[in-house]
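So the structure is just underneath, and the comments pick up after that.
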Amino acid sequence: MTEPSPLTPTELTHVRADGSAHMVDVSAKEETTRVARAQAVLTTTPEVLHLLGEGGLPKGDALAVARVAGIMAAKKTPELVPLCHPLPLAKVTVDFELGEDSVRIETLVKTRGVTGVEMEALTAASVAALSVYDMVKAVDKHAVISDLKVLAKSGGKSGDWSL
């Protein structure tokens, strides 16, 4: 397998010819409905997961707090990620799936606009995971956040895809 050739600054969308970063001009792009799903996973002990599911952690209902944190984070993505465009978000969901040794956090973000919402979905998943971590660290200092990734996207010129 051959190594891909490195991209030159003029081939990178967020880099000008002189190498400096800039926000991409999306004004000529067609407005479409765009959706992205992302996830993050927090691994902890079965005992902590039981407390998490029952809302019995010392700091309270971690999942309710994390859901609101994830929604708020999606709305603040352009303030946190410098080259993201501000988008009018139409929908943000944050859902949790408790497993034997982890909680999987899945987010969905939807807009009607000229650029995708993958970064908003990733930001929501990561901040929701950080919020759960903050709530469980008193009972499990070894909890781990992992597997942050985009699961699917739709809308726009690059087409639809999912893992």
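The values are calculated or read from the model by the stated rules, or taken from the named source; none is laboratory data. For clarity, every value in this text was computed on a predicted model and none was experimentally measured. Here Cβ is always computed from backbone atoms with ideal geometry, including for glycine, and neighbour counts include all displayed protein chains.
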From Val41, Val24, which residue is within 30 Å of Trp161 (Cβ to Cβ), in contact with a Lys or Arg (Cβ under 6 Å, 6 or more places away or on another chain) and of a type in the set (A, V, I, L, M)? Val41
Taking the conditions exactly as written (part of a helix (DSSP H, G or I) and either loosely packed, with under 14 Cβ neighbours inside 10 Å or modelled with pLDDT under 95 (or both)), does Val68 satisfy them or not? yes
So, of the residues in segment 71-113 that are in a helix (DSSP H, G or I) and among the aliphatic types (A, V, I, L, M), which turns out to be farthest from Ala38 (Cα to Cα)? Leu80
When you go through Gly159, Gly116 one by one, which is the residue that is more than 29 Å from His50 (Cα to Cα), in a loop (DSSP other than H, G, I, E, B) and out of contact with any strand residue (DSSP E or B) (no Cβ under 6 Å at 6 or more places or on another chain)? Gly159
Among the residues of segment 15-34, is any assigned to a strand (DSSP E or B) and surrounded by 18 or more Cβ atoms within 10 Å (Cβ to Cβ)? yes
Flagged in segment 72-84 as of a type outside the set (A, V, I, L, M, F, W, C) and either touching a His at 6+ places or on another chain (Cβ under 7 Å) or modelled with pLDDT under 95 (or both), in numbering order, are Pro78, Pro82
